[in-house]
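Have a look at the structure below, then the notes.
The values are calculated or read from the model by the stated rules, or taken from the named source; none is laboratory data. Predicted model, so just to flag it, every value in this text is computed and none were measured. Neighbour counts run over all protein chains shown; Cβ positions are idealised from the backbone, glycine included. The area values use the complete protein model at the heavy-atom level, side chains included, leaving out ligands, DNA and RNA. Shrake-Rupley method; radii C 1.70, N 1.55, O 1.52, S 1.80 Å.
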Amino acid sequence: MSLTLKIINRLLIILFIFFSHTSLGITETLFKVKSITSLATEMNRTVNISSTSEAYRKIQIQSEITSKIKKVLKTKGSLIKENEVIIKLEEYDSYKKLFDNGLISKNEFNKIALLTPFEGILLDGHKIEGELITPGSVVYEIIDLSKIKIIGYVNENEINGISTDNTVEVKILNKKIRGVIDYISPIADYDTKTFEIIVIFDNSNLQIRDGISAELSIYKDKIKVHKISPSVLSLGEDGDIGIKVLNKDNEVIFKEIEIIDDTSDYMLISGLDDEENIITIGQQYVSSGDKVETE
């Protein structure tokens, strides 16, 4: 073998021994972190709105003519039926005969009869016999409490996923009542960027009154959430809020999250897998891709 080949062979052997010893002699020190295994639970995403109860319908009946009140038939607070006479005007009896004989229309008769348009409760009882009324003056007012209406406003970030099919719960007077969404505004309020939503529920027993504080809970889609301490939150390279987790090889992965609920003790977050190994201590000292040890 020539001298040149011997030298090359020796050099190759030396390099092999050097790199072998180097790789064997250097032990990589991995940063230690603490982690916990977190399992997701399923829950409904909800939108909560504070509001006030309102009567389903409320109307003031106004006179179209000038006349005098002959008789007051119902007092304030009375339950009234549809098409009922509340106050008799002086012309009532004569107009009633004309209507019964088909000589005037129902519309003409109702200008004198002032019949109630729906069942309800009489509110205004201030009219007295002999009082003069003129066109435009309020003769009586009625309210319909057979259903209750709750009006709420949902911001532009929460309106997606809400339709008339969503389940709604109304909390009022320490009761929980199932309601239905009757109306969703197709346009946002220009100033507040919120959408009006009207929820109604049955009140045939008349237990709920107008003007009572209420809270709406609108149940949206079901989501998987993890319960975490706010202390485990991290910021991504782009400033996104998330957490750092470990894969099966103990490599750090940053995952962006959505905060579903935030309390003083814990957070509910989504955006993770059903099972995650979440870094709880040391996450601020490691980056995505780092390999770590766990205590």
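In the stretch 4-96, counting only strands (runs of 3 or more DSSP E) that sit wholly within it, the ones holding 3 or more residues that are of a type outside the set (Lys, Arg), at pLDDT 95 or above and over 30 Å from Asn247 (Cα atoms) span 41-62.
Restricting attention to the stretch 155-173, the residues that are in contact (Cβ under 8 Å) with a residue 60 or more places away in the chain and farther than 23 Å from Ser53 by Cβ total 1.
Can you confirm whether Asp191 is charged (D, E, K, R), open to solvent by 50 Å² or more (accessible area, probe 1.4 Å), touching a residue at least 24 places away in the same chain (Cβ under 8 Å) and outside any strand (DSSP E or B)? No: the conditions fail for Asp191. The residue that is most open to solvent (accessible area, probe 1.4 Å), among those in the stretch 213-266 that are farther than 24 Å from Ile49 by Cα and basic (Lys, Arg), is Lys248.
There is no residue in the stretch 194-212 that is open to solvent by 50 Å² or more (accessible area, probe 1.4 Å), closer than 15 Å to Ile49 by Cβ, of a type in the set (Ser, Thr, Tyr) and touching a strand residue (DSSP E or B) at 6+ places or on another chain (Cβ under 6 Å). Exactly one residue out of Glu215, Glu196, Glu276 is farther than 27 Å from Ile143 by Cα and of a type in the set (Asp, Glu): that is Glu276.
On the stretch given as the stretch 42-74, residues that are under 30 Å from Ile259 (Cβ atoms) and either open to solvent by 80 Å² or more (accessible area, probe 1.4 Å) or in contact with a helix residue (DSSP H, G or I) (Cβ under 6 Å, 6 or more places away or on another chain) (or both) total 3.
Asp261 meets the conditions (1) in contact (Cβ under 8 Å) with a residue 40 or more places away in the chain; (2) closer than 26 Å to Thr46 by Cα in every case but one. The failed one is (1).
One residue alone among Asp191, Asp182, Asp202 is over 16 Å from the mean Cα position of the chain (by Cα) and at pLDDT 95 or above, and that residue is Asp202. Look at the stretch 272-285: where a residue is over 13 Å from Glu251 (Cα atoms) and a partner is of a type in the set (D, E, K, R), sitting 6+ places away or on another chain with Cβ atoms under 8 Å, you get Leu272/Lys224; Leu272/Lys255; Asp274/Lys224; Thr280/Lys34; Ile281/Lys34; Gly282/Lys32; Gly282/Lys34. In the stretch 267-295, what count of residues is obtained for those that are open to solvent by 20 Å² or more (accessible area, probe 1.4 Å), under 19 Å from Asp238 (Cβ atoms) and either among the small types (Gly, Ala, Ser) or part of a helix (DSSP H, G or I) (or both)? Qualifying residue count for the region: 5. Would you call Leu103 farther than 24 Å from Leu206 by Cα and in contact with a Leu (Cβ under 8 Å, 6 or more places away or on another chain)? No.
Criterion first (out of contact with any Gly (no Cβ under 7 Å at 6 or more places or on another chain) and charged (D, E, K, R)) does Asp221 satisfy it? For Asp221, the condition - out of contact with any Gly (no Cβ under 7 Å at 6 or more places or on another chain) and charged (D, E, K, R) - is not met. Residues that are assigned to a loop (DSSP other than H, G, I, E, B), surrounded by fewer than 18 Cβ atoms within 10 Å (Cβ to Cβ), without any contact (Cβ under 8 Å) to a residue 24 or more places away in the chain and not small (Gly, Ala, Ser) are absent from the stretch 116-123. Total residues in the stretch 154-181 satisfying the condition of being surrounded by fewer than 16 Cβ atoms within 10 Å (Cβ to Cβ) and farther than 19 Å from Asp221 by Cα: the figure is 5.
When you scan the stretch 102-113, do you find a residue that is more than 30 Å from Ala214 (Cβ to Cβ), open to solvent by 30 Å² or more (accessible area, probe 1.4 Å), aromatic (Phe, Trp, Tyr) and at pLDDT 90 or above, even just one? So far as the stretch 102-113 goes, no, none of its residues is more than 30 Å from Ala214 (Cβ to Cβ), open to solvent by 30 Å² or more (accessible area, probe 1.4 Å), aromatic (Phe, Trp, Tyr) and at pLDDT 90 or above.
The set of residues in the stretch 75-94 that are under 16 Å from His126 (Cα atoms), surrounded by 12 or more Cβ atoms within 10 Å (Cβ to Cβ) and within 42 Å of the chain's Cα centre (by Cα) comprises Lys76, Ser78, Ile86.
What do you reckon, is Ser264 under 17 Å from Ser35 (Cα atoms), polar (S, T, N, Q) and in a loop (DSSP other than H, G, I, E, B)? Taking the combined requirement at face value, the residue does not satisfy it.
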